[in-house]
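Notes follow the structure.
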Ligand SMILES: *[C@@H]1O[C@H](CO)[C@@H](O)[C@H](O)[C@H]1NC(C)=O
């Protein structure tokens, strides 16, 4: 699996310009929040008023609320007190080629103190960050695919109360393609002091389990989570021992410093050529000479374990992201297995509002105990990553055809959309036909 998870060959991935991020915006949630504020609160007030009771906001802070509301107030989106904070420092720089922000943990904490309505759920709040290139895709269906991949992320985020930022500009003009994520993540950390985690998800990755949630408790002692295999890093020294296309990073001083160190291997840096040589000589399986972000990350794990490696969790217990080639053949069978569970479990056939879909996850879990996780499992894979497909440029890996990639993406996206559409009363009967849906009968699929 690992050896397949590399990107396509150097030539094609450089011409791809930018297959970078993917993401969206919970506009509805924000608009709703603003509206309810206007409706319930006569004027901006320094602290959330008891009458500002928005039980729907429990979605934004799922861990702190029971879903029933219980008088929990949502974040006050209109309150920014005049007392100075880090934003008022003229020396604060959002760009990646300036020294990292100092004392970021304290500055974030101060900001949260000034904005007490964000306190509930602050330790688990996530911002998903993704994006794509500023200009039209070279692949004629590239923008079509990117839109569907973006919709998929918006769907996941809406169901879980996660905010999403879709960036479609190179924040540093020289940091193209996979390097574009480092300046974006730094800027996102500064723009979102209320978020504990920044979750980078490449544009070519799709959520294929709309219910699964990141097991954040497991990551209490770590600052970065990536999909990877320790033996491939420390024994094989392979540049594909991890995948840098999806990662979770704690909004922290550690991350500020890490981004700075990592970005110094990038094309905007005077050390770029030197890092290309170092990476090439370190990783025997790396065939192209230019420094890349993934090799850079493996290098930091390998050579600077004390400084960085100990705080990076290599997740391989589930599909934190998974290579599409080993996943897409299973979607039909997984669909069938899940249908059998629904046929046997009346609680899962009950129609319900999309807002409360998280409440059904424990019921599913009762029936998924035997399913396992990851490869060989019949559990829905959490994230399917179309590594090598290059949907925007179309310069896919020559190991497979463009059609194979396209069909696989359609399948994954429809598989995911069926999980969403269920709340809206419809289903796609065919994973390769994006146009056709059927209405779902009451109590579907009763045995
Ligand atoms: C799907 O299930 C069928 C019938 O049980 C089985 O023959 C087939 O090998 C399965 N396909 C995959 C990809 O596991």
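Computed values, structure above
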| item | result |
| --- | --- |
| Separation in nanometres of the label points that stand 7 Å from Cα toward Cβ, at residue 332 and residue 370 | 2.3 |
| Between region 314-387 and region 152-170, the alpha-carbon center distance in angstrom | 21 |
| Peptide ranges 315-326, 94-105 listed from the most packed, as the mean C-beta count within 10 angstrom indicates | 315-326, 94-105 |
| Cα-Cα separations in region 276-435 greater than 23 Å, expressed as whole percent | 55 |
| Rule-of-thumb Rg ratio for region 300-356 [Cα; 2.2 N^0.38 Å; N residues] | 1.90 |
| Three-way shape call for region 115-219 based on the alpha-carbon gyration tensor, with the a/c threshold at 1.5 | oblate |
| Scattering curve values for region 236-294, log₁₀ I(q)/I(0), Debye with Cα scatterers, q = 0.14, 0.17, 0.24, 0.29 Å⁻¹ | -0.44, -0.63, -1.05, -1.18 |
| Percent of Cα-Cα distances greater than 18 Å, calculated over region 384-429 | 38 |
| Inter-label distance for residue 287 and residue 306, nm, one decimal - labels placed 7 Å from Cα along Cα-to-Cβ | 3.8 |
| Estimated FRET transfer efficiency (residue 87, residue 261; beta-carbon r; R0 22 Å; 0.05) | 0.30 |
| Peptides 254-260, 359-365 ordered by average Cβ neighbours within 10 Å, highest first | 254-260, 359-365 |
| Spherically averaged projected area of region 351-447 from its Cα convex hull (nm²) | 8.2 |
| Kirkwood-Stokes translational diffusion coefficient of region 350-403, alpha-carbon pairs, 25 °C, 0.890 mPa s, µm²/s | 168 |
| Cα-based equivalent ellipsoid, region 200-320: semi-axes from gyration tensor eigenvalues, Å | 24, 16, 15 |
| Inter-site label distance for residue 103 and residue 220 at 7 Å from Cα along Cβ, in nm | 2.9 |
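Coordinate-derived values only; no laboratory data. Being a predicted model, the structure only gives us computed values, none of them experimental. Cβ: placed from backbone, ideal geometry, glycine included. Neighbour counts: every protein chain shown.
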